[in-house]
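Data first, discussion second: the structure below is written as structure tokens.
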Amino acid sequence: IAAMMALMGAPIMAILFMLFPRLSPLWGIPSDAMAGRSGLSASMQVGSVASLALDDSVAMRIRFEGQPPRQNDLYFRGPVLSTLDGREWRALRSRFPASMQDGADLQVSGPGVQYQVTLEPNNRNWILALDATPDKPLAPGRDLRMTPELQWLSDQPVSELVRYQARSFPQYRQGPLRRTAALQDYLELPPGFNPRTLQWASELRQGPRAELDPTRLIETALARLRTGGYGYTLDPGVYGQHTADEFWFDRKEGFCEHIASAFVVLMRSLDIPARIVTGYQGGEYNGVGGFWVVRQSDAHAWAEVWLEGRGWVRIDPTSAVAPARTGSLQRLQAPRGVIAAALDGVSPAALFNIRAAWDAMNNGWNQWVLNYSQTTQLKLLQDIGFTSP
């Protein structure tokens, strides 16, 4: 009897699912929800967090068409931070009028990478895409635009699952080839901060003329990171006022934001335009569902420097300190809890397979049920003839 009633009710349930008015979420995500946890933020306050808790929740899922890029090419671009007030990096606050600022000036080459992204709600208007994406991602119901710093933005916050198609080109060139007045924005440093870093930069610039080439100076900084005893850790402690000085000369450890910030401060001290790019790097392949999972623990910060004749070039100083961070699936590990300790006897491969199967089920639920949002429903009703659903 119960089976018969369920069978009779199934068509009614399907009709209600498709046509009953869907409401927008009645809850929100606090603006400071990522404080003290791995993930993305609109600003980066260096050294204010003593320890970083790894958030293993899913940020997005990606399904590539054909061969995916290499692991160390998976850089998903988020907010670009170019203005420093001493300890906090924010989006560019240019002192030049808009007419004098440089545009995106993006040129791509080589084969493109086609993929689909299912982005989890984050209450931000960021649309994450691989570097670099010249054409507007296809996100039904959203108006997207690209900033001059190559970040894609939506006209509305991502408060529900968003699915979009994108095509990116790992080989690209961006920015002017000759120095312009607007590049001065990427040389600005607040007065009274990091005197030892400024002194070190001054000493480097007084070296032999052959070593004053920007490429040589960049390699000098990276070589110091590789061989100077620097470490990548979740627990660097709270930094003081001079964060770059403390990183380069005292603590010599931190997570990616400390490393990227100290590197950019040094580059600007050497008269090399530089900025910080935040986003996600890497991911985990789910063989059960055939897609890649990018988690909040994959959040990352790297640097871009401007070079004559080349434009903006990505430099990831964290990979000089910990090459496995970008070259493989290795990540920093969060402290183990009671459940993790109890599973010590279980095969790691079995745990990975169970997690992959569970995530594949979640992805299917997202694609077929949760992704049927208010926007999708209104589009369906318009398609079948309702002009004002």
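Nonpolar atom fraction for region 42-178, defined as the carbon and sulfur part of the 1.4 Å probe accessible area, stands at 46 percent. Using a 1.4 angstrom probe, figure out how much accessible area region 119-252 has per residue, in square angstrom, rounded to the nearest whole. Using a 1.4 Å probe on heavy atoms only, each residue of region 119-252 averages 49 Å².
At 1.4 Å probe size, with the rest of the protein present, what percent of the exposed accessible area of region 181-298 is carbon and sulfur atoms? List each step's numbers first, then the result.
Values: 2210 of 4570 Å².
Ligands and nucleic acids excluded, carbon and sulfur reach 48 percent.
For region 99-197, the relative contact order comes to 40 percent (Cα pairs under 8 Å, sequence separation of at least 6).
Each label point was placed 7 Å from the Cα along the Cα-to-Cβ direction; for residue 20 and residue 384 their separation is 1.6 nm.
Between residue 219 and residue 233, the contour length at 0.36 nm per residue exceeds the Cα-Cα span by 2.7 nm.
Residues within the reach of a label modelled at residue 90 (point 7 angstrom out along Cα to beta-carbon, backbone nitrogen below 13 Å), restricted to region 264-279: there are none.
Computed from backbone phi with θ = phi - 60° and the Karplus coefficients 6.51, -1.76 and 1.60, the 3J(HN,Hα) list for region 267-277 is 4, 5, 5, 8, 6, 10, x, 8, 8, 9, 10 Hz; x is used for glycine and proline.
Quote the FRET efficiency, to the nearest 0.05, computed for residue 249 versus residue 188 with a Förster distance R0 of 30 Å and r equal to the Cβ-Cβ distance. Before the final figure, lay out each step's value.
Working: r = 23 Å, r/R0 = 0.76.
The computed FRET efficiency comes out at 0.85.
Sorting 4-17, 258-271, 100-113, 376-389 by average packing, meaning the other beta carbons within 10 Å per residue, from highest down gives 258-271, 100-113, 376-389, 4-17.
Whole-Hz Karplus values for region 176-183 come out as x, 8, 10, 5, 10, 4, 5, 5 Hz, taken residue by residue from phi with 6.51 cos²θ - 1.76 cosθ + 1.60 and θ = phi - 60°; glycine and proline positions read x.
The values are calculated or read from the model by the stated rules, or taken from the named source; none is laboratory data. For clarity, every value in this text was computed on a predicted model and none was experimentally measured. No Cβ is skipped: glycine too gets one built from the backbone with ideal geometry, and neighbour counts run over all protein chains shown. To get the accessible areas, we keep the full protein, side chains included, count just its heavy atoms, and leave off ligands, DNA and RNA. Shrake-Rupley method; radii C 1.70, N 1.55, O 1.52, S 1.80 Å.
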